[in-house]
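Presented below is the structure to which this report refers.
The values are calculated or read from the model by the stated rules, or taken from the named source; none is laboratory data. The structure presented is a predicted model; accordingly, all values stated were derived computationally and were not measured. Reconstructed Cβ throughout: ideal geometry from the backbone, glycine too, with neighbour counts over all protein chains shown. In case anyone asks, the SASA skips ligands and DNA or RNA and just uses the protein heavy atoms, side chains included. Shrake-Rupley method; radii C 1.70, N 1.55, O 1.52, S 1.80 Å.
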Amino acid sequence: MIIPLSRANITEDDVGRAASALRSGWLSQGEELRAFERAVAERARRRFGVAVSSGTSALHLCLLALGVTEGDEVITSPFSFIATTNAILFVRAKPVFVDIDPETYNLDPDLIDRAVTGRSKALLAVESLANVAHFEHYENAARRYGLKLIEDSAEALGARTNGRPAGSFGACSLFGFFPNKQITTGEGGIVVTDSEEIREACVSLRNHGRDATGDSYVSLGFNYKLGEVAAALGHQQMQRLDEILARRREVASAYDALLADVEDVHVPPNPCRDDPGSASWFAYVIRLADAFDQTARDRLLEGLRREGVGCGRYFPSIHLQKHIKEKFGFEGGEFPQCERISQRTVALPFFTDMREEEVGYVCEALKRCLKALR
């Protein structure tokens, strides 16, 4: 059996909606884009949505719209996709990393205080692997220190915590729609916010800095627009988001059951296990016991791939990536929880239409590879 790490779930209705957009002759900035923006904003309980070309573009525009610039510091997590930090560098600000909570893999809220300085401008908190833990704490910390809170919910569309949906925290939030996400537009992202000022800034910045009249350009902007065909695909997928989320929960539950008694494997942290309907599964990332080091983890990945099982490292520690190390002088050991977890995580195949027998095959392959390591 050959099982990919991820696979987009595309139905005939999705294809039909995209084809209709193509036939319309209106391929950019049309009604499908506006409908998609409304659908995502409504799901996040926000007033506005501004769809853009990627989740990274959305991060960049959030920082610009909030006035983060050279000399500012942005408190964030070292355990995330690299785009989180790259976007901070795009605006010439400085990322200030805070170690993660090993129980949730999110930024440790108890460590924020010591990271705040006179140059702190924003708190960019990440819902790592769709985990929505601690965001009320982040809101309180941002309020206490006068920081702008940006919620990186790129991986968490549809999740809820204490009745609040992912995307509803802070000055602005963002989602990403790469093919491994809950819904996809191929490439794409969106900023959601309740602020008309942030919305207007993002609309202008995604379209070369053009003003609302379309007659002039008022700032240095970008071509971050999302095409109409991609928006149509996203809009159609939003119509069945609850169905997609339910199916992904079933896949995660199947993994949980088969791995519950597997020695040396920790299943993914999930604050919604007591309320399964609140979870939004982006990926299924296990962690090996501390007895295994990074070399053993990498050997496990090689073994899984020989068995036909797609797998990956989620996530490499950001502060130890080449360009970040060179710029800021990190040597390792600065964020021990992040490094301990990052060195032992394994992303297993996970996608909406994954079959029970595929989950079973992956788990049996994992057991065989673990036995060989031991």
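Figures for the structure shown
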read-out: Cα-based reach from LYS148 at 28 Å (exclusive), listing lysines while leaving out same-chain residues under 8 positions away; value: LYS94, LYS121, LYS181, LYS225, LYS325, LYS327
read-out: Mean shadow area of the stretch 35-89, taken as a quarter of the surface of its Cα convex hull (nm²); value: 4.6 nm²
read-out: Potential lengthening between ASN162 and ARG306 on full extension [0.36 nm per residue; Cα-Cα distance subtracted]; value: 47.6 nm
read-out: For LEU107, net neighbour charge (Lys/Arg +1, Asp/Glu -1) across residues whose Cβ lies under 9 Å away; value: -3
read-out: Over the stretch 255-374, equivalent-ellipsoid semi-axes from the Cα gyration tensor in Å; value: 26, 18, 14
read-out: The chain: most fluctuating residue of VAL229, VAL309, VAL218 per GNM, C-alpha cutoff 10 Å; value: VAL218
read-out: Per-residue SASA entry for GLU200, accessible area with 1.4 Å probe, Å² rounded to 10; value: 100 Å²
read-out: Convex hull volume of the chain per residue (C-alpha atoms, cubic angstrom); value: 135 Å³
read-out: Listed residues ALA159, ALA212, ALA35, most fluctuating in the chain (Gaussian network, C-alpha, under 10 Å); value: ALA212
read-out: The stretch 89-208: projected area of the alpha-carbon convex hull, averaged over directions, in nm²; value: 8.4 nm²
read-out: Mean accessible surface per residue for the chain, computed with a 1.4 Å probe while every protein chain stays in place, in Å²; value: 42 Å²
read-out: Accessible-area order (highest first, 1.4 angstrom probe) of the listed residues ARG297, ARG114; value: ARG114, ARG297
read-out: Spacing of the two label points (7 Å from each Cα toward its C-beta) at GLU356 and GLU139, in nm; value: 4.0 nm
read-out: Whole-number D in µm²/s for the stretch 6-116 (Stokes-Einstein; Kirkwood sum over Cα pairs; 4 °C, 1.567 mPa s); value: 76 µm²/s
read-out: Under 5 Å, built H, 5+ apart or other chain: amide partners of TYR284; value: LEU348
read-out: Mean shadow area of the stretch 238-280 over all directions, Cα convex hull, nm²; value: 3.2 nm²
read-out: For the chain, share of DSSP beta bridges that run antiparallel, in % to the nearest 5; value: 60 percent
read-out: The stretch 1-86 - percent of accessible surface contributed by carbon and sulfur, probe 1.4 Å; value: 55 percent
read-out: C-alpha center-to-center spacing [the stretch 291-326, the stretch 4-35] in angstrom; value: 34 Å
read-out: Difference of contour (0.36 nm per residue) and Cα-Cα distance, ARG92 to ALA212; value: 40.5 nm
read-out: Rounded D (µm²/s) - the stretch 1-43, Kirkwood Rh over Cα pairs, Stokes-Einstein at 10 °C, 1.306 mPa s; value: 125 µm²/s
read-out: Exposure of ARG160 as accessible area (Å², to 10), given a probe of 1.4 Å and all protein chains; value: 80 Å²
read-out: Approximate spin-label separation ALA291-LEU111, in nm, with each point projected 7 Å along Cα-to-Cβ; value: 2.7 nm
read-out: Built amide H within the under 5 Å cut-off of LYS148, gap 5+; value: ALA122, LEU123
read-out: In nm, spacing of pseudo-spin labels at GLU200 and ARG34 (7 Å Cα→C-beta vector); value: 1.8 nm
read-out: Distance between the stretch 107-138 and the stretch 60-88 - C-alpha centres, whole angstrom; value: 12 Å
read-out: Candidates GLN239, GLN343, GLN294, ranked by Gaussian network fluctuation over the chain, Cα under 10 Å, top entry; value: GLN239
read-out: Residues in the stretch 196-233 reached by a label modelled at VAL15 [backbone nitrogen below 16 Å; 7 Å Cα→Cβ]; value: 233
